[in-house]
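The block underneath contains the structure these notes are about, expressed in structure tokens.
The values are calculated or read from the model by the stated rules, or taken from the named source; none is laboratory data. If you're wondering where the values come from, they're calculated on a predicted model, not measured in any experiment. A quick note on method: Cβ atoms are made from the backbone with ideal geometry, for glycine too, and the neighbour counts reach across all protein chains shown.
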Amino acid sequence: MESNKKYWKGLEEYKNTPDFVENNKNEFAEPLPIEDVLNEAGLSTVTPRRDFLKALGFGLGAVTLAACQTAPLHKSIPYVIKPEEVVPGIPNYYVSSFNGQSVLVKTREGRPIKIEPNPNAGVFNSGTDAQTQASVLDLYDVSKLKSPVLDKAEVNWSKVDEFVKGELNKAQASGKKIRVISSSVNSPSSKAVIADFITAYPNTKHVQYDAVSYTGIIKANENSFGKAVVPKYNFDKADLIVSFGADFLGTWISGEEFTAQYVSNRDAKSLKAGKMSRHFQFEAGMSLTGTNADTRVPVKLSEEGPALITLYNAITGNTLAGGTLPNNVTADKALKLVAKELLQNKGKALVVSGSNDVSTQILVNAINSAIGSYGTTIDLDNPCKRYAGNDAEFAEFINEMNRGEVAAVFILDSNPGYDAPNAKAFADGLAKVGLRVSFSDRKDETASLCNVIAINHNYLESWGDANAYEGYYSIVQPTINPVFNSRQAEESLLIWSDAPVKEYYQYVRNNWEKTILPALGKTWKDVLQTGVFAATAKPAGAYTFGLSLTAVIPSILNNSKALAKDIELQVYESIPMRDGKHANNAFLQELPDPVSKVTWDNYIALAPKFAEKLGFKEFDVVSVKDDRGYTIELPVLIQPGQAQGTASIALGYGRTKVGKAGDGVGQNAYPFVSFTNGTTKYATTVKLSGTGKREELAQTQTHHSFEGRNIIRETTFTEYKKNPATGSGNEHGKHKSYDLWDKYEKPGNNWVMAIDLNACTGCGSCIVACNVENNIPVVGKEEVRKRREMHWIRIDRYYSFNQENDGHDDHAAHGAHGHSNGINSVTKEKEIADLTEDKMNNVSVVHQPMLCQHCDHAPCETVCPVLATVHSSDGLNHMAYNRCVGTRYCANNCPYKVRRFNWFNYWNDSRFDNYLNNEFTQLVLNPDVTTRSRGVMEKCSMCIQRIQAGKLQAKIEKRPLKDGDIKMACQQACSANAIIFGDGNDPNSEVSKALRSERIYYVLEEINVQPGIGYMTKIRNTDTTVQA
Amino acid sequence: MSGHNESILREPLITGQDITYAKITDDILMPVENKPNRAWWIGFILSLCGATLWVVAVGYTFWFGIGAWGLNKTVGWAWDITGFVWWVGIGHAGTLISAVLLLFRQNWRNSINRSAEAMTIFAVICAATYVVSHMGRPWLAYWVLPLPNQFGSLWVNFNSPLVWDMFAISTYFSVSLLFWYTGLLPDIATIRDRATGVRRKIYSIFSFGWNGNVKTWQRFEAVSLILAGISTPLVLSVHTIVSMDFATSVIPGWHTTIFPPYFVAGAIFSGFAMVLTLLLVARKVLGLENYITMFHIESMNKIIILTGSIVGVAYLTEFFIAWYSGSEYEQYAFINRSTGPYWWAYWMMMTCNVISPQLLWFKKIRTNIPATWILSIVVNIGMWFERFVIIVTSLHRDYIPSSWAMFYPTWVDVSVFVGSIGVFFTLFLLFLRVLPSIAIAEVKMILKSASEKAKLEQIKEGHLDKEQVAEYVESLEKFDSVKQEEYAKI
């Protein structure tokens, strides 16, 4: 329906005027007034210039006023007279020693902040152990007493002196006994002071007693060879090492030093020379040493004695009674094999036992004599002086006290109130003593029973010396003025004995100049510079064991029989806590146990099958009761490799009066220690019962298998000799790689690292060194349990089980037998749970230090939205804390999971009051390293402050950087020299040479992130050299 | 004008009797112009409690640090980014409905686009709160913006997917807001015209001087079309970019090229489910059954089956590729997903996202309102688990087994998420009270009642072909919503 109607809107349209026609062309009758707005008139708004200036003026004024708020005021006091040797920002180093390890103490602006090994120490300590690294924190411990204490009140020294002298004279006059109780003293000056004290008060006797005793070895050597000493063991001279429960890489005598010796026969250099020692370990609990053994055979504590008899019989052809292990066929077979190998390695072998039983050690002496160890691997003429404790004397001392014969006791550097085998009897006896003086720096378990606490200096405030080995002397010199009103114990003793020289510095100096230095031909100044002196070692004699063993064997068998009656409990020193002396050290508390990876606790370790048999699951709290009625409750830890029927509990925990960090951590296992047959015994039998409770241990690693992934690459020594690249994945040449990304130019240096998996024993001293160097916060048990520990370097510990050969039943000897499939013996998901008892006993362990790999194509760098983590031109992956907003994307995208996030403000949050929430302890911080606020990511910086300092030093000296100028904190602490750092652009640097090794592989190299840290394959010397 | 072919087989988009333009206005503005009913109050108080919980939980996190959450050295993201992706995904349906369906001239969208867009905006707000609150130092959140600065002209890292994310989310939010608000202008003007007093003043400000003349309408249409054009690529790009947070990483289970399409499908899937969850309640409570009809519900259910199946295929493809890749890390990541310690999360996801939506193939179920509502919630649960599975199960066991860890949420994690739902509903319920939940102007466009009446007249007067009439009446019978007595009389 077409419509023809026409509508018009107005007359203009109707008339069709020219105006209308013109306007009608436009869509809109009126154009948009854009021109009006944009022309000048549009800009002349109602706000004139004056108003604008007024507003501006007000704004400026308001902002100025707002800015007038007082900024936080930090008082700093300049030196009025600047000490000559202190230059702000420049560290000073002083030689000193700790636990017989010679060290350099780094001080900044007059405060010690880091302990480093003394390069002059030579063979005695090439690194430092975790305790030494952490020891600097003890200086800044707020739990220490600030003044001496007399009858529970803090007083000044003159009152203490007056009281003690008075009491001493009374005691001397009464004819009653005076006793100085100490842990083993090897310091010549301290010994002299004690001798002087005895001269002044002739009723005095010095009793040395160690929480963890070596009396068994001393007595055995006295018995066998007439030398009451702990010998010097030379693990470096041993091609075959057989250890029965001695954790010689960890806690046994001098683990730090033995590590260096041991590794020297197994590291890259030794392997290149075609040499690798062989190591058998027979033990109940899985020790650090056991994890490094080529073949480890679990034996019960009660089987250790019979095992030694078996070995002795097999070596000498004797038929001593008890030389069988009826219930441990694998151990029996392994021992027969070990005997043959020992005979083959006569003069190059060493057998050690961790037992403190005299009879057992006599038998060990007999074995060592039979294989010609004396004069080669064992040196009785340059003995170790670290341990001289006498358990019997200490036991007698407790009896003396209880009989009321003792009038005065001086307790130096020991804590029998906590760690004596019978602390109750000790405390009861002590109550009967009139004068009870403790030299402790805090009101510990023993000091709180004393009427005088004559607080001692920390070793960093002290003068002193040490004599760890015959002819080997080191000095202790103070690096800071005493912080509190403490006085050195030796000085107190000198004052109380009215010695002519009361100042201990002078005393030490006189002593050295009189007795030590003339023989060495050195001056006191030399001592202060080099710190250590070793006299020419005496020739080590070849001693022969010529006594009859008939008296010894029944004693060993009786001990064994007594242990076999129930669950056999081993109490041992753990690597982090040792004897518990440093329990208040937060760095040590948070150092994961190298084997179990547990922090902040002790536990009862049970073998998986045995725990199942008893009906316990992991983390079940069980009650442990010995036959004397002592009971503690501890969570269960399932420990692969633990001998069936045994349990292990670490000493050093359960302190009650040590301070904020250490009080109430774990349970005290010392009461399980007993005094039998003249020595303390660290094994007993216990009953376990469930409590229905569960307590999750704070572990830094909860998955224990590497799932067969090639992040761990290993081979056997036999295979290695055929082709050094075996197992590294590069047997058939390097893989070709393709790259999407541009290559980073590294014109100057290229900082890289090489880590030798065969050298690393897993001890963890690098972790503590890194903590101290880089101000890494300690987060506490709860946070570790939430998997939030902050360690920049960690040591991954993986278990794998050894595959059997075609159904052979000799599992343990498998390692020794024929061909091992080390490379193929990988564990898959859930396989661990399905393992049979024997497989589970026979696990291999590998330790892998893991830290930021400083990837050239770092996945963290591409994902950071704010460029807080970027690559440097010298191959480092930088982390700019100030720029970080904390999205955590970098940590998620890190394939190595080495980035650490500050979940809380650990520096200023009362919930993390482990150590650093006070100004005093904060003095331990390294001023070269920023502390990180909450919400910020952090990670290994490759000690960038050290790199910068090294570069600067070279620049000042107008020379190019030399290889070895810069050392990482972890590298420096490592006794095994497992970590090599340096410039990859310098083809002659140590690290470049190491990275050219055939054993080198890169973890996760297949994802082409191009990590900067090369790992050398783990080599196991599992193939026997004799015909079985 | 005669002789045009009319399609009579189309179901009317607005049902009910005697629907007039005035009635539409009255119906839709009913909740805006009257006091809220009890149902609204109950919902609002509950939501407000949730929102308060959110404030407490986020405040606690800001005060103490991210450590308040259950994250650890291995799992750096968990409920936070799960929540973020979940909310962003939900937003997608709104944009799809308002923009893509507009471009394709799917007029049925007119009744649901307003609410869906509002949902988008509130969902993106919830997602954005996670962007800030998951940061370790949220007070520096602006550093991810490429702002001129005095830090030596320090730029953001344009390589980082988080920076792309920031651009994607902020673009998405601003475009969605603009689009939504533009569409609201005529409706705000309608409220203004009917209001008095202060309300009139307020609405008058927010209506930007809308006067309803031809020119305004013409520009309105043009702007809507342009904004729809801008929004359309966003439907695809935003979740593509979100997926790249994972896809560009090196973590097995994240490093997957299938992620962009898979995430977009998942987003639409969850978004439609959320629209259904909201509107099924809203149409009942607000009495809008005539505008949001069974046709809408069924259509949306069909989209849910489609996208749910796409997502299902993606899940299976991932498994195939993991096997086919030969990469042990990749293979383990997927074995761990389905059989590892978080197996229950994986199977929760599979059940909710792939298996249960298949029920919608049955017409009975997809036209059953309670069943649809329950399924829509199931889908949303499933999609939350999908993100949780991707994020947490990939992270908690990646390359180096020593660092394998479990993630356990704390009360703060849970509260932030539950609280964000509270924030969302608080905003949505406030929206229902102050703005029309259905686009009045657009709904009027699709009202068929006038032509319906004209048709009846024509039939009565016998102007139409008998055959055609019979077919017409027959087709009407299919739709019970039109009163047929009138036709029966003929």
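Observations, loosely collected:
- Some residue of region B:316-333 being among the hydroxyl-bearing types (Ser, Thr, Tyr), away from chain A (no Cβ under 14 Å) and within 21 Å of the chain's Cα centre (by Cα): no
- Of the residues making up region B:32-61, those that are of a type outside the set (Val, Ile, Thr) and either within 15 Å of B:TRP411 (Cβ to Cβ) or touching an Asp or Glu at 6+ places or on another chain (Cβ under 7 Å) (or both) are B:GLY50, B:LEU53, B:TRP54, B:ALA57, B:GLY59, B:TYR60.
- Filtered residue count, region A:388-400, keeping only those that are in a helix (DSSP H, G or I) and either surrounded by fewer than 22 Cβ atoms within 10 Å (Cβ to Cβ) or in contact (Cβ under 8 Å) with a residue 40 or more places away in the chain (or both): 9
- Just one of the numbered conditions (1) under 28 Å from A:GLU303 (Cα atoms); (2) of a type in the set (D, E, K, R); (3) touching a residue at least 40 places away in the same chain (Cβ under 8 Å); (4) part of a loop (DSSP other than H, G, I, E, B) is not true of A:GLU633: (4).
- Among (1) within 14 Å of chain A (Cβ to nearest Cβ); (2) touching a His at 6+ places or on another chain (Cβ under 9 Å) - the single one B:TRP63 does not satisfy: (2)
- Scanning region A:866-881 for residues that are in contact (Cβ under 8 Å) with a residue 12 or more places away in the chain and either facing chain B (nearest Cβ under 9 Å) or outside any loop (DSSP other than H, G, I, E, B) (or both) yields A:VAL866, A:LEU867, A:ALA868, A:THR869, A:HIS871, A:ASN877, A:HIS878, A:MET879, A:TYR881.
- Candidates in region B:110-119 are the residues that are hydrophobic (A, V, I, L, M, F, W, C) and part of a helix (DSSP H, G or I); of these, the one that is farthest from B:GLU221 (Cα to Cα) is B:MET119.
- Selection over region B:129-139 of residues that are part of a helix (DSSP H, G or I) and within 14 Å of another protein chain (Cβ to nearest Cβ) gives a count of 6.
- Every listed requirement among (1) at pLDDT 90 or above; (2) under 28 Å from A:GLY216 (Cα atoms); (3) small (Gly, Ala, Ser) is met by A:ALA454 save one, (2).
- Answer residue from region B:424-465, given it is modelled with pLDDT of 80 or more and not in a helix (DSSP H, G or I) and is surrounded by the fewest Cβ atoms within 10 Å (Cβ to Cβ) among those: B:LEU435
- Filtered residue count, region B:143-163, keeping only those that are more than 9 Å from chain A (Cβ to nearest Cβ) and under 27 Å from the mean Cα position of the chain (by Cα): 1
- From A:GLU470, A:GLU445, A:GLU513, A:GLU491, residue being surrounded by fewer than 17 Cβ atoms within 10 Å (Cβ to Cβ) and more than 22 Å from A:THR921 (Cα to Cα): A:GLU513
- Restricting B:ILE112, B:ILE66 to residues that are among the β-branched types (Val, Ile, Thr) and in contact with a strand residue (DSSP E or B) (Cβ under 8 Å, 6 or more places away or on another chain) narrows the list to B:ILE66.
- Taken as a whole, the structure places A:TYR915 among residues that are away from chain B (no Cβ under 14 Å), closer than 29 Å to A:ARG797 by Cα, aromatic (Phe, Trp, Tyr) and under 26 Å from the mean Cα position of the chain (by Cα).
- Subset of region A:885-901 (residues that are within 7 Å of chain B (Cβ to nearest Cβ) and in a loop (DSSP other than H, G, I, E, B)): A:VAL885, A:GLY886, A:THR887, A:ARG888, A:ASN893, A:PRO895, A:TYR896, A:LYS897
- Cβ-Cβ under 6 Å pairs, at least 6 apart or on other chains, region A:716-727 side in a helix (DSSP H, G or I), far side among the polar types (S, T, N, Q): A:PHE717/A:ASN1021; A:GLU719/A:THR726; A:TYR720/A:THR726
- All of A:SER648, A:SER596, A:SER623 fail the test of being under 28 Å from A:TYR906 (Cα atoms), outside the structural domain of A:PHE801 (by TED's automatic domain parsing) and among the small types (Gly, Ala, Ser), apart from A:SER596.
- Residue in region A:380-402 that is among the β-branched types (Val, Ile, Thr) and farther than 26 Å from A:ARG655 by Cβ present: no
- Single match in A:PHE235, A:PHE225 (criterion: of a type outside the set (A, V, I, L, M), farther than 30 Å from A:ASP756 by Cβ and buried (at least 20 other Cβ atoms within 10 Å of the Cβ)): A:PHE225
- Listed by first and then second residue, the pairs linking a residue in region B:166-184 that is more than 13 Å from B:ALA99 (Cβ to Cβ) to a residue that is in a helix (DSSP H, G or I) and of a type in the set (S, T, N, Q), with Cβ atoms under 8 Å apart and 6 or more places separating them unless they lie on different chains, are B:ALA168/B:SER237.
- The one condition in (1) buried (at least 24 other Cβ atoms within 10 Å of the Cβ); (2) at pLDDT 90 or above; (3) within 33 Å of the chain's Cα centre (by Cα) that A:LEU335 fails to fulfil: (2)
- The residues of region B:171-207 that are closer than 30 Å to B:VAL88 by Cβ, surrounded by 15 or more Cβ atoms within 10 Å (Cβ to Cβ) and either among the small types (Gly, Ala, Ser) or within 14 Å of chain A (Cβ to nearest Cβ) (or both), listed by number, are B:SER176, B:GLY183.
- Within region B:373-415, being among the polar types (S, T, N, Q), within 14 Å of chain A (Cβ to nearest Cβ) and more than 22 Å from B:VAL242 (Cβ to Cβ) holds for B:SER402, B:SER403, B:THR410.
- Unmet requirement for A:SER648, which otherwise passes all of (1) in a strand (DSSP E or B); (2) more than 27 Å from the chain's Cα centre (by Cα): (2)
- Some residue of region A:668-683 being under 14 Å from A:ASP601 (Cα atoms) and either in contact (Cβ under 8 Å) with a residue 40 or more places away in the chain or of a type in the set (S, T, N, Q) (or both): yes
- Looking across B:PHE84, B:PHE44, B:PHE122, one residue alone is in a helix (DSSP H, G or I), aromatic (Phe, Trp, Tyr) and within 14 Å of another protein chain (Cβ to nearest Cβ). It is B:PHE84.
- Reported count of residues in region A:161-198, each being more than 24 Å from A:TYR469 (Cα to Cα), within 41 Å of the chain's Cα centre (by Cα) and assigned to a helix (DSSP H, G or I), is 4.
- Every residue from region A:956-1009 that is touching a Pro at 6+ places or on another chain (Cβ under 9 Å), within 14 Å of chain B (Cβ to nearest Cβ) and either of a type in the set (Asp, Glu) or in a loop (DSSP other than H, G, I, E, B) (or both): A:VAL1003, A:LEU1004, A:GLU1005, A:VAL1009
- Matching residues, region A:694-715, being touching a helix residue (DSSP H, G or I) at 6+ places or on another chain (Cβ under 9 Å) and either more than 14 Å from chain B (Cβ to nearest Cβ) or not in a loop (DSSP other than H, G, I, E, B) (or both): A:LEU697, A:ALA698, A:GLN699
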